[in-house]
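**Q** Following this message is one structure expressed as structure tokens.
The values are calculated or read from the model by the stated rules, or taken from the named source; none is laboratory data. Fair warning: this is a prediction, and the values are worked out from it, not measured in the lab. Cβ placement follows ideal geometry from the backbone for every residue including glycine, while neighbour counts extend to all protein chains displayed. Heavy atoms of the whole protein, side chains included, go into the accessibility calculation; ligands, DNA and RNA do not. Shrake-Rupley method; radii C 1.70, N 1.55, O 1.52, S 1.80 Å.
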Amino acid sequence: MTHPQHPPSGAPQPVAGDAGPQAGADQGWLRVHVISPLVRGWIALVAVLYFVGRDWFEGLFGPGADGRSPLPEGVGVLPAVGILVGVVLLVAGAFLLSWYCTRYQITRDHVRVHSGIVFRQQRQARLDRVQAIDIVQPFLARVFGLAELKFEVADAGESAVRLAFLKLDDARRLRAIILARAAGVEPDPEHPEEILEAPEREVVVVPPGRVLGSTALSGTSIALVVAAAVVVTLGVVFETPIVATSFIPILIGVGGAYWAALSTGYNFRAATSPDGLRIRYGLLDTRAQTVPPGRVQALGIVQPPLWRFKGWYRVTANVAGYGASASNEGQARATLLPVGTRDDVLQILALVLPDPGTDRPVELFAAGLAGRDGGEGFVTTPRRARWLAPLAWRRTGFAVTSTALLLRSGVLWRRLAVVPHERTQSLAIEQGPVDRRFRLADLVLHTTPGPVSPRVTLADASTAWELFHGQAARAAEARRRSGPEQWMRPLPVAVPQPPTAPPDGLPTAGGAVTPAVTPAVPAVALPPEEALLDAAAPRPSPPTAQAAPSAEEGPVDEAARHAAQPAVPPVASAAVPTAVSPAAAPAASPAVSPAVPPPAPPAASPTEEAPIDGAAPHSGPPAPVLRQVMPVAPRYTPSPPNTEGVPDGRH
Amino acid sequence: MRREPIDPSGLEWSRVSPKYLRVRVLGWLIGSLLWLALSCVPLVLRLTGVWDSFPPLWLAWALPGAVLIAAVWRGVLLPRQVAAIGYAERDDDLLVRHGVIFQRTMVVPYGRMQYVDVAVGPLERAFGICTLKLHTASAATNAEIPGLPTDEGARLREQLSARGQARLAGL
């Protein structure tokens, strides 16, 4: 069979833009791989073959098969073969037709998919609305070297665009093109086709042994032991061994859970790239997810009780495109780290939240992960509420930094939720009759659907109220500061940023600029000079974003640094001094050592002023080049006085 | 409107139309009568002798009694519940509060609003009021302002849309 499929880069690429749906209607329309329907429908096919074939097969070899035709009486061989061929042709024709009618196109601003034979569907999604891009390879697709591309927008769940299946290389190339355009990178005018994949630096690898160990020590094992105890007790008490049979479905369920944990945690790797966080995992089905910068709405860190002995944590995230699916796949997608040490967790945190908004990020997150009572700016449930939560009251609490809110809870299952201020959707404060009696209140942060549901429980009512107001003001302030959706595109017109004026004089509005302002807790911020003594960590300043990594940092790619050199172009546009890029927030703290999360965004800012009309002169390397700069993985560094006291975290 | 300790200081709540109380009372009456009629079925059957012994007589009496008490309790609470609904437009966000026993105050930034619903049911239409609902990207945001006069609802909807446009933020 011929393959009339055009590779995405071979066809005339519709770089022309979105002059109108008609303008580029005939160019750049592509189709998925021709055997895709087969790969997608293989289960149905296998089932049909099994049921049809089994009868036939048994008829051939079954007892008394000798001499008997496998066909029913009175049916000749020729018509039977004819019918079979006809059915096969019909199915193949339907597959081909559905394949032929599904076309996709990627323009400068949109991805479009037309599908359907009788009921036609035309779908169009804006590229800069991308929340995540996954490349999924189910086992059979892997055998054929195919992959599915999923393009997620914020509709909580179902993928906006699914291209199943493409050749793996084509899928990768398409992902690179989509991400480059979504990032706002203008293609090189001379070589518009040359959009390469952004380089990535691997930051966290989960060894298979740890996946096995974490599965064995997971909550599933606890549930298994509890279930076994219940079954045995019932069996002994009622003296009926029959009860033991009820253990079988439990075993099946537990086995499924173990398998899901193993197969999704296997070979887990997280990397940073100018396109955002990139994670890969999978045993039989593999998946490579890319979450662009600023798309993580909330982060949750959980430690099941048995993981405490090994110092392991799991990191999950709310990403708008992933939704709150309870399926194994949905849970795996929302997991940024299935099991990792504290160092790994801090690494992921540094990628997601490059500016922690405090001088002591390591200490703060350590207190959040395992600490209790006050300290590091945490405010806990007041003592008068200890009878309402006798175990948890010393741990339940929150801390505010200038960029995020940390919510700590749980004694057995330790939890920490981190919500960047600019990602807060809405807030609610709730108070029931018991709360009122004890002058307490709950604060609920609403984020997009996902595994993390941040909530401050049993907080002192006036504190909660202060937090409510402060958080509303901080969120508004952070939204004003937050960068463009297209993370590599400079702000089109430099909006004069209101320096740091607290809006409306609300109670804790100042918290938007001063680190870790929490009521009733003495300031823990170090004088910046002291923090600066830490090796060579320079204070980052937004325009010259290429701060050299500090000496004690891990090996930094020399080439990357060289490549990064031209990234600080001569200041050429008036917009530069005020251009605030997402990563170089004004409150960038000296505690983040290389200070530049993905180095590209800040560096990209000064290069162009108004890329939309393309008239702005280039004053430096074009953005596509910047996108090829090997990213430097940001890390939180412990503050100097406590450096020795911080345990390594590895076990 | 009565101030609750949970309320923020220096904030003037707009309250909903008094007609909303009438709508709620009507709804409460209809609902309560239905429930009461339903709960009386065993009693009637028992008294008429269709069922001879199964529900003991005291239980047959207790059922409608309990329903009656619950209905009265809800009825007593209704005016306070309606009075407890309030909203306030601030520069950057909208505050909505609900509840008497379980109180809840919510702040929805204008820039976070994805869309605004205005819904009118048959009873509400008869009284000229409507219900406004705000949606953000979070499913947990169920900010609802019931009992707005129709023109106030329309004004608020336009106002919210305009402000949402002005303060548009990504996710």
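**Q** Per residue of chain B, what 222 nm ellipticity follows from adding -39500 (n - 2.57) for every DSSP H run with n ≥ 4, rounded to the nearest 500? Working shown, then result.
**A** Working: 4 runs with 80 residues, N = 171.
Computed ellipticity for chain B at 222 nm equals -16000 deg cm²/dmol.
**Q** Could you pull out which residues in segment A:247-275 have an amide N less than 12 Å from a spot 7 Å beyond the Cα of A:L306, following the Cα-Cβ vector?
**A** A:258
**Q** Moving on to the next point. Could you check the simple spin-label distance between A:Q122 and B:A166, using points 7 Å along Cα→Cβ, in nm with one decimal?
**A** According to this spin-label approximation, the distance is 3.7 nm.
**Q** Mind checking which lysines have their Cα closer than 21 Å to the Cα of B:K19? Skip sequence neighbours fewer than 8 apart in that chain.
**A** B:K133
**Q** What accessible area, in Å² to the nearest ten, does a 1.4 Å probe give for A:D134?
**A** Accessible area of A:D134: about 0 Å².
**Q** At a Förster radius of 51 Å, what calculated FRET efficiency corresponds to the Cβ-Cβ distance of B:F102 and A:F144, to the nearest 0.05?
**A** On the way: r = 56 Å, r/R0 = 1.10.
FRET efficiency, B:F102 to A:F144: 0.35.
**Q** What is segment B:19-82's relative contact order, in percent, from Cα pairs under 8 angstrom and six or more apart in sequence?
**A** Values: 32 pairs, mean separation 30.0, N = 64.
The normalised contact order for segment B:19-82 reaches 47 percent.
**Q** Would you please give the FRET efficiency between A:V226 and B:E158, computed as 1/(1 + (r/R0)^6) with r the Cβ-Cβ distance and R0 = 51 Å, to the nearest 0.05?
**A** Working from the Cβ atoms, E equals 0.35.
**Q** Under a plain spin-label model, where a point goes 7 Å from the Cα along Cα-to-Cβ, how far apart in nm are B:K19 and A:S327?
**A** 4.7 nm
**Q** Starting from the Cα gyration tensor of segment A:262-348, take the square roots of the eigenvalues, sort them a ≥ b ≥ c, and report rounded, prolate or oblate (rounded when a/c is under 1.5, otherwise prolate if a/b is larger than b/c, else oblate). Working shown, then result.
**A** Values: a/c = 1.40, a/b = 1.25, b/c = 1.12.
It is rounded, given that a/c, with a ≥ b ≥ c, falls under 1.5.
**Q** While we're here: Heavy atoms only, 1.4 Å probe, whole protein assembly: order A:T290, A:T463 by accessible area, highest first. Walk me through the intermediate numbers first.
**A** On the way: A:T290 0, A:T463 20 Å².
Greatest to least solvent exposure: A:T463, A:T290.
**Q** While we're on this one: If you take the square roots of the eigenvalues of the alpha-carbon gyration tensor of segment B:85-166 and sort them as a ≥ b ≥ c, do you get rounded (a/c under 1.5), prolate (a/b over b/c) or oblate? The partial results should precede the final answer.
**A** Working: a/c = 1.75, a/b = 1.19, b/c = 1.46.
Since a/c reaches 1.5 but b/c is at least a/b, the shape of segment B:85-166 is classed as oblate.
**Q** Could you please state how large a percent of the accessible area of segment A:98-204 is carbon and sulfur, counting protein chains only and using a 1.4 Å probe?
**A** On the way: 2250 of 4620 Å².
It is 49 percent, rounded to a whole number.
**Q** Roughly how much accessible area, to the nearest 100 Å², goes out of reach of solvent when A and B pair up, both sides summed, probe 1.4 Å?
**A** Details: alone 30330 and 10380 Å², together 38310 Å².
About 2400 Å² of accessible surface is lost on pairing.
**Q** Computed FRET efficiency, Cβ-Cβ of A:L96 and B:E89, R0 60 Å: what is it to the nearest 0.05?
**A** Values: r = 58 Å, r/R0 = 0.97.
After rounding to 0.05, the efficiency reads 0.55.
**Q** I'd like the mean, over residues of B:130-142, of how many other protein chain beta carbons sit within 10 Å of each residue's own Cβ. Don't skip to the end; give the middle numbers.
**A** Details: counts 0, 0, 0, 0, 1, 0, 6, 12, 15, 8, 11, 7, 3.
Counting other chains' Cβ atoms within 10 Å and averaging over B:130-142 gives 5.
**Q** Shape verdict for chain B, please, from the Cα gyration tensor: rounded (a/c under 1.5), prolate (a/b greater than b/c) or oblate.
**A** Working: a/c = 2.78, a/b = 2.52, b/c = 1.10.
Prolate is the answer for chain B, as a/c is 1.5 or above and a/b outweighs b/c.
**Q** Continuing with this model, one more query. Which distance in nm do the two modelled labels at A:D109 and B:W28 give, with both placed 7 Å along the Cα-to-Cβ direction?
**A** In this crude label model, A:D109 to B:W28 measures out at 5.3 nm.
**Q** Leaving ligands, DNA and RNA out of it, report the carbon-plus-sulfur percent of the accessible area of segment B:19-82 at a 1.4 Å probe. If you can, show how the numbers build up before the last one.
**A** Values: 3470 of 4410 Å².
Answer for segment B:19-82: carbon and sulfur cover 79 percent of the accessible area.
**Q** Just to confirm my numbers, what's the Cα centroid distance between segment B:48-82 and segment B:102-171 in Å?
**A** If we compute the Cα centre of each part, the gap is 37 Å.
**Q** A follow-up question, please. Over segment B:56-115, with the other protein chains present, what is the accessible area per residue in square angstrom, probe 1.4 angstrom? Intermediate results must be reported in sequence, preceding the final value.
**A** Values: 2750 Å² over 60 residues.
Heavy-atom SASA per residue in segment B:56-115 reads 46 Å².
**Q** Could you work out the relative contact order of segment A:153-299, using alpha carbon pairs under 8 angstrom and six or more residues apart, expressed as a whole percent?
**A** Numbers: 145 pairs, mean separation 31.5, N = 147.
Once divided by the residue count of segment A:153-299, the mean separation gives 21 percent.
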